[in-house]
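Have a look at the structure below, then the notes.
Computed from the coordinates by the stated procedures, all read-outs in this text should not be read as laboratory data. Please read these numbers as outputs of a predicted model, since none were measured by experiment. Here the Cβ positions follow ideal geometry from the backbone for every residue, glycine too, while neighbour counts run over all protein chains shown.
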Amino acid sequence: MPRKKTSKITISSKKTEEKFKKPPQLLRGMKDILPDIQDVWDFTKAEVDHLAQDYGYARIDTPLLEETSLFARSVGENTDIVEKEMFSFIDKGGDHISLRPEGTAGIARAYIEHGMLNQPQPVRLYYWGPFFRYDRPQAGRYRQFYQFGFEAIGDEQPIIDAQLIVVCFSLYKKIGVPVVIQINSVGCKTCRKEYEQLLIDYLNPRKKFLCEDCKRRIQKNTLRILDCKNPECRELMQDAPQIVDHLDEECKDHFVKVLEYLDEAEVAYNLNPYLVRGLDYYTRTTFEIYPEGKENDSQATLGGGGRYDDLIELLGGRPTPACGFASGVERLILNIKEKEIIIPTAPKPDVFVAQLGESAKKKALKLVEELRQKKIKVASNFSKDGLKNQLSLASKLGVKISLILGQKEILDRTVLIRDMESGSQEVVDFNRVYEELKKKMEKTQPIIQNNHRIGG
Ligand code: HAM
């Protein structure tokens, strides 16, 4: 098929010309992850990776771009995410594509496309990466944000739901962020349809008390009215029929079992009959996780998930039950900072190589490389020429030993080994530097665990 021709991007508009006069800035709602916060990111990611290994989840990475229709079909055409929040555009080939606003749809697509149905079920997958929603930015809400998520596809048993909740509960607990779990069941498509009609019958005569969004939702997305944050809508919903009272026998039994498993695992939860979540694919269990003390702040939600038994079939696969959850990384890190949680940092360098003069610089460059190859953690800074500056950097890094190469050392084929704590120095032959260094390291460096307090 011939490809449509698209016009070239022009940079001649007045707005763009104005922008070219100023230094470039971050796009609204985007965030740089600067070096000083990378250790918390690494720590969080390592905890997620360990947890995935412990529970047998295999890593999957799906593309950041997918067909727009994938999200419209799965997340739902009438949801806020699809209606208002997607970064969607037409590519040069004329295809309608979107930056992924969430991970479950892409994973469901991948499950079908790669025939994962033929693998032992459930297929357990986890992911970590950036997602995009064109929402109004505020604290803890960005237009590009990171999520990690776990999906168990191919098993409808309630123990799967309970174990997923246990998985995320233990992650937050291990990291040191106490959480509160809210849980509900939205039933299956049959009992939900009946419940939706009951809700419509309750709402229609009271329509005038609803906010404008909820008036629209009555026909298009009735369940979402349950978790509208508008005070008048909330008040009206207090007397509305509750979904848990209208579940069919199978859905009721499934939900009761999920709760029993959670009781058995000693994971506390609050039943929340208004919890329907903002994505259309959910069936039966839905849950959300809040930091303790912020249970009523919807912007603070750390994570959420639930069952999506119809999604794979809806996308053209065989009927395949599934359950999963995702957690916002920035929000978790915000809580790690607020709680001043101590995290392990990368080990300090064993030694600093300092140099003075051009020939010493050359020799030091080689020495750094030789020591690194011998598995010594070595630091240096060739941009600094003054010895004082280099040694003060070594102290800042917490290094116990420095190796100093100056003009004299080059002529004598020696190196000065300096004990950074006492300031004492020893001259050693250049060829014996590794052996002498090892000896000193054994004496001066007890095995210690480095820790680092975040925030505060
Ligand atoms: P979600 O509730 O839309 O669920 O997102 C999960 C988490 O991502 C939220 O609880 C929040 O921590 C974080 N998050 C969402 N939007 C933003 C934002 N704009 N800025 C910062 N963080 C944000 C899902 O995405 C489902 N796919 C979860 C799931 C997996 N259900 C089944 N499997």
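Note down the Stokes-Einstein diffusion coefficient of the range 351-453 in µm²/s, whole number, using a Kirkwood radius over alpha carbon pairs, 20 °C, and 1.002 mPa s.
It comes out at roughly 155 µm²/s.
In whole Å, largest first, what are the principal axis extents of the Cα atoms in the chain?
95, 63, 47
Return the FRET efficiency for the residue pair residue 296, residue 37: r is the Cβ-Cβ distance, R0 is 22 Å, and the value is rounded to the nearest 0.05.
Details: r = 28 Å, r/R0 = 1.27.
In this case the efficiency is close to 0.20.
Relative contact order for the range 342-395 using alpha-carbon pairs under 8 Å, separation at least 6, rounded to a whole percent?
Across the range 342-395, relative contact order equals 42 percent.
Which residue, chosen from 237, 25, 145, occupies the Cα position most advanced towards the positive end of the dipole of the chain, where the dipole is computed from +1 (Lys, Arg) and -1 (Asp, Glu) charges on Cβ about the Cα centre?
Farthest along the dipole direction, towards plus: 25.
Please give the net charge around residue 434, taking every other residue with its beta carbon less than 12 angstrom from that of residue 434, where Lys and Arg add +1 and Asp and Glu add -1.
+2
Please tell me the relative contact order of the chain in percent, rounded to the nearest whole number, where contacts are Cα pairs under 8 Å and at least six residues apart.
15
Under unit Cβ charges (Lys, Arg +1; Asp, Glu -1), what dipole magnitude, rounded to 20 debye, does the range 241-353 have relative to its Cα centre? Spell out each step's value before the answer.
Values: 11 positive and 21 negative charges, 109 e Å.
That gives the range 241-353 a dipole magnitude of about 520 debye.
Run the simple label-point estimate for residue 271 and residue 429 please: 7 Å along Cα→C-beta, distance reported in nm.
Between residue 271 and residue 429, the simple spin-label model gives 8.2 nm.
Give the residue from 57, 314, 103 lying farthest towards the positive end of the charge dipole for the chain; charges sit on Cβ (+1 for Lys and Arg, -1 for Asp and Glu) and the dipole is referred to the Cα centre.
In the chain, that residue is 103.
Tally Lys and Arg at +1 and Asp and Glu at -1 over the other residues with C-beta under 14 Å from the C-beta of residue 215: what net charge comes out?
Value of the local net charge: +4.
I need the semi-axes of the equivalent ellipsoid of the range 291-430: take the C-alpha gyration tensor, multiply each eigenvalue by 5, square-root it, list largest first in whole angstrom. Can you show the working numbers first?
Numbers: eigenvalues 610, 84, 27 Å².
Equivalent ellipsoid semi-axes, largest first: 55, 20, 12 Å.
At 0.36 nm per residue, minus the direct Cα-Cα distance, what do residue 198 and residue 89 gain on full extension? Give it in nm, one decimal, please.
Length gained between residue 198 and residue 89: 35.4 nm.
Could you work out how much longer the chain between residue 15 and residue 264 gets when fully extended? Use 0.36 nm per residue separation minus the Cα distance between them, nm to one decimal.
So the chain would gain 83.5 nm between residue 15 and residue 264.
As an exercise, use a Förster radius of 56 Å and the Cβ-Cβ distance of residue 257 and residue 407 to find the FRET efficiency, rounded to the nearest 0.05.
Computed FRET efficiency for residue 257 and residue 407: 0.10.
Which net charge results when you count Lys and Arg as +1 and Asp and Glu as -1 among the other residues whose beta-carbon is under 13 Å from that of residue 381? If you can, show how the numbers build up before the last one.
Numbers: positive: 361, 384, 388, 396; negative: 385.
Summing Lys/Arg as +1 and Asp/Glu as -1 gives +3.
When the label point is put 7 Å from the Cα of residue 359 along its Cα-to-beta-carbon vector, which residues of the range 377-406 have a backbone N closer than 17 Å?
404-406
So what is the relative contact order of the range 351-453, in percent, for Cα pairs below 8 Å that sit 6 or more residues apart?
25
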